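Data block below; observations after.
Nothing in this text is a laboratory measurement; each read-out follows from the coordinates by a stated rule. Remember, predicted model here, so these are calculated numbers, not experimental data. When we count neighbours, we look across all protein chains shown, and the Cβ atoms used for this are built from the backbone with ideal geometry, even at glycine.
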Amino acid sequence: MSASANAIHRPAGMAAFLRTMTRDPRAALGLGLVVLAAIAALGAPLIAPYAPDFPDFVNTLSPPSAAHWLGTDELGRDVLTRIVYGARTSLFVGILSVVVAALAGTGLGLVAGYFGRWTEALIMRAMDVVFAFPSILLALAITAVLGPSLTNAVLAIAVVNLPVFARVARAQTLVVRQLEFVEAKRALGFRTANILLRTILPNILAPVIVQGSLLFASAIITESYLSFLGLGAQPPTATWGNMLRNAIGFMEQAPWLALFPGAAIFLTVLGCNLLGDGLRDRFDPRD
């Protein structure tokens, strides 16, 4: 049993994990960027120099200065403050949508891979239907039908990512269910729920976690798309997407309105992708 179980890599302790990740420059950079975004989101009230929705009509469209490091927008609101608070929205949507998609998709993939036959066919064909739609168009359609709001944006992004987790979980379950320690538990009469949740699930989590880190970046981009089109969080809530939307009419007069929110999206997504690559290398069973 132990030999078969060791064939599936399990995460080590947090300290060992961090040491492993920091040995890879790409993973270390990605982890640093993600941690920086998380600090900005969690510490927004302490970091931000102004209130995010406080207008200052005397200082509208002011360029970067000592008083406003990243300038102000068309209402005189501090751009740095809104970027910091926008990190809260983007990371909240990204984390919640990925967690919802991971829980539902992994559960469906686990059931499909373990039971097979008509159960697998029914679940995976439904996933194929969802997967057939371009992700952005499907998210737009869902939010257009349900109405623009942060909650509906989370739901739309979760539905878009659901088939990815289901496919990953199903593929891994098909492999793990044939291993000796799973067959032994089945022969000993363990309940199906016990086998699924306590034996198979822990052994398929590594690729699910890696996929989640990569889809987190995609979720941030999708949320920015939705907010840019007015289908995500509604004003005056600060999001990177609606900051870009508001900057459209001031590209020549105040380019910083688009430059800095765009840079925030770019750096956060870059960090997520680099971290995801590092996690993939860390959990790669070929290593």
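Remarks
- In the chain, Rg over Rh equals 1.06, where Rg is the alpha-carbon radius of gyration and Rh the Kirkwood radius from pairwise Cα distances.
- Peptides 270-279, 85-94, 180-189 ordered by average Cβ neighbours within 10 Å, highest first: 85-94, 270-279, 180-189
- Acute angle (nearest 10 degrees) that the helix 135-146 long axis makes with the longest principal axis of the chain, alpha-carbon atoms: 70
- Its convex hull of Cα atoms gives segment 184-287 a direction-averaged projected area, equal to a quarter of the hull surface, of 9.9 nm².
- Using alpha-carbon coordinates, inclination of helix 79-115 to the longest axis of the chain, degrees: 20
- Among 132-138, 28-34, 194-200, sorting by the average number of other beta carbon atoms lying within 10 angstrom of each residue, highest first, gives 28-34, 194-200, 132-138.
- Relative to the longest principal axis of the Cα atoms of the chain, helix 14-23 runs at roughly 70 degrees.
- Shape annotation for segment 128-172: C-alpha extents along the principal axes are 36, 19, 12 Å, from largest to smallest.
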